[in-house]
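One structure below.
The values are calculated or read from the model by the stated rules, or taken from the named source; none is laboratory data. Everything numeric in this text was worked out from a predicted model, so none of it was measured. Glycine gets a Cβ as well: all are built from the backbone with ideal geometry, and neighbour counts include every protein chain shown.
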Amino acid sequence: MRRDAELDRRLSELRAPDEDAAEARAWEVVSAAYADRAPAPRPVRGRRFAVALAAAVAVLAVGLSPAGAAVADLVRSVIGTEAGDPEPSLTRLPTAGEMLVESGDGVWIVREDGSKRRLGDFDEASWSPNGLFVAATDGRQLAAVDPLGEVRWAIPAPREAHDPRWSGTDVDTRIAYRSAGDLRVVAGDGTGDALVARDVSPIAPAWRPAPEAKLGPELGSRTHVLAYAASASSVRITDTDGGDVLRRIVIPGRAPIDEIEFSADGSFLLVRTGDALLAFEPEGGRLAWRSSMETSAAALSPDGRHVATITQPDEPNGESRLVLIDAGTGEERRLPAGLGRFTDIAWSPDGRWLVLGWTAADQWLFVRVRGNRPGRVIAVGGISRQFAPGSGAEASFPGIAGWMLTDPP
């Protein structure tokens, strides 16, 4: 399984000659065609919504398609989109991997074949490296659970536990979590629970990837480097083994920090605030780029080259937009039409699909953005009840906590 995952990762990172220039030329052609289109009525729910989404995502996918792909192929992919009524239930995932889901009824795992397993009555969860375990919280309890639902260990937190995050190394792992206003770290076997910082902002921390990540001498030699929001407007990067604060980053602007995440190679730290997305170089703390927009969610692609984000509507009944940002330059590609109001967003492990949570319609939308047939949309309805059996109409809409390739138990 690991070899297959590594091969998929390397293949996805291959770049064709002159690919960037080809992408730019294709984008200009499609953008011009869109600008010259005849006015059309607002899309509605159901089949017409899915067709509109597919067409818009096909435009977005120009930036992700192989170099030299003909615009005609792009158009054919839209015409051939299977944009019928939503599937009544989730019968399989569109690509390899397993999804981790947080619902009002507990934490679940969804396998590639669509089968689901409830891990327990937990509140929040995150994957361990390679998906061997899940770190989960339930009130004041922090636990490590295997994909079959067996609790391997559990410890009591000083106060209610939130935002567990497992470090990105295969051995000698750590789990960071918040306990009220404190940030704590425990070893992957449940031992050595220790305080890292007090009075931190209520934002999930982010581990820097493995030590071989592309960082300079100051951070690159450290094994367990953690970034966290020390306040609403500042981030600290610390060595949790030695306790050293390695970097302090002050976030410009007045909007508070909503989310932080390291890129896959550790070369930059993404910070999402209420009105901007910012990329910082962790070694020197320099701001690499800033994208000014109000967003409700963001996710880095597995290869770290793109940020997918959902804009926050200006009005209560407004519509979100899906935006793709080049993580190296900050260049934006926006969908040309309003597409509803979305909450969650996550990448598939191979970087070819995005899944969006559409709360108002009680649907997940799987959107193909790379590979064959970019723009294909698979809509799955009745999501809430599938993760709260017996709850009926009272079931809450589930959150997506991750999608990754996993090693078999």
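The table below gives the values:
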| quantity | calculated |
| --- | --- |
| Identity of the residue in region 151-185, hydroxyl-bearing (Ser, Thr, Tyr) and at pLDDT 95 or above, that ends up surrounded by the fewest Cβ atoms within 10 Å (Cβ to Cβ) | Ser179 |
| Test: Ile251 is farther than 20 Å from Arg165 by Cα and at pLDDT 95 or above | yes |
| Positions within region 102-122 being buried (at least 16 other Cβ atoms within 10 Å of the Cβ), free of Cβ contacts under 8 Å to residues at least 40 places away in the same chain and part of a loop (DSSP other than H, G, I, E, B), in sequence order | Phe122 |
| Breaking point among (1) part of a loop (DSSP other than H, G, I, E, B); (2) without any contact (Cβ under 8 Å) to a residue 40 or more places away in the chain, for Asp265 | (2) |
| Options Ser296, Ser267, Ser263, Ser292: the member that is surrounded by fewer than 17 Cβ atoms within 10 Å (Cβ to Cβ), over 20 Å from Val196 (Cβ atoms) and hydroxyl-bearing (Ser, Thr, Tyr) | Ser292 |
| Lone unmet requirement of (1) free of Cβ contacts under 8 Å to residues at least 12 places away in the same chain; (2) within 13 Å of the chain's Cα centre (by Cα) for Glu394 | (2) |
| The listed residue being among the charged types (D, E, K, R), modelled with pLDDT of 90 or more, surrounded by fewer than 20 Cβ atoms within 10 Å (Cβ to Cβ) and more than 27 Å from Ser292 (Cα to Cα), out of Asp407, Asp362 | Asp362 |
| Number of the exception - Arg118 against (1) under 21 Å from the mean Cα position of the chain (by Cα); (2) under 21 Å from Val101 (Cα atoms) | (1) |
| Selection within region 276-310 - without any contact (Cβ under 8 Å) to a residue 40 or more places away in the chain, assigned to a strand (DSSP E or B) and either farther than 21 Å from Arg248 by Cα or over 19 Å from the mean Cα position of the chain (by Cα) (or both) | Glu281, Arg286, Leu287, Ser292, Thr295, Val307, Thr309 |
| Long-range neighbours under 8 Å by Cβ, at least six apart or interchain, first residue of a type in the set (Phe, Trp, Tyr) within region 135-154, second exposed (fewer than 14 other Cβ atoms within 10 Å of the Cβ) and not in a strand (DSSP E or B) | Trp153/Asp189 |
| Residue check for Thr95: hydroxyl-bearing (Ser, Thr, Tyr) and at pLDDT 95 or above | yes |
| Filtered residue count, region 143-160, keeping only those that are of a type outside the set (D, E, K, R) and either within 18 Å of Gly402 (Cα to Cα) or in contact with a Lys or Arg (Cβ under 6 Å, 6 or more places away or on another chain) (or both) | 8 |
| Residue ID - nearest to Ser115 (Cα to Cα), chosen from residues in region 356-370 that are small (Gly, Ala, Ser) and part of a loop (DSSP other than H, G, I, E, B) | Ala361 |
| Matching residues, region 374-398, being touching a Lys or Arg at 6+ places or on another chain (Cβ under 8 Å) and assigned to a loop (DSSP other than H, G, I, E, B) | Pro374, Gly375, Arg376, Phe387, Ser391, Ala395 |
| Residue match in region 142-150 (condition: surrounded by 22 or more Cβ atoms within 10 Å (Cβ to Cβ), more than 19 Å from Pro205 (Cα to Cα) and modelled with pLDDT of 95 or more) | yes |
| Residue match in region 61-73 (condition: crowded, with 20+ Cβ neighbours inside 10 Å, modelled with pLDDT of 60 or more, within 20 Å of the chain's Cα centre (by Cα) and not in a loop (DSSP other than H, G, I, E, B)) | yes |
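The rows are residues; the columns are (1) modelled with pLDDT of 85 or more; (2) of a type in the set (A, V, I, L, M, F, W, C); (3) not in a strand (DSSP E or B).
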residue	(1), (2), (3)
Gly340	no, no, yes
Pro349	yes, no, yes
Leu354	yes, yes, no
Asn372	no, no, yes
Ile400	yes, yes, no
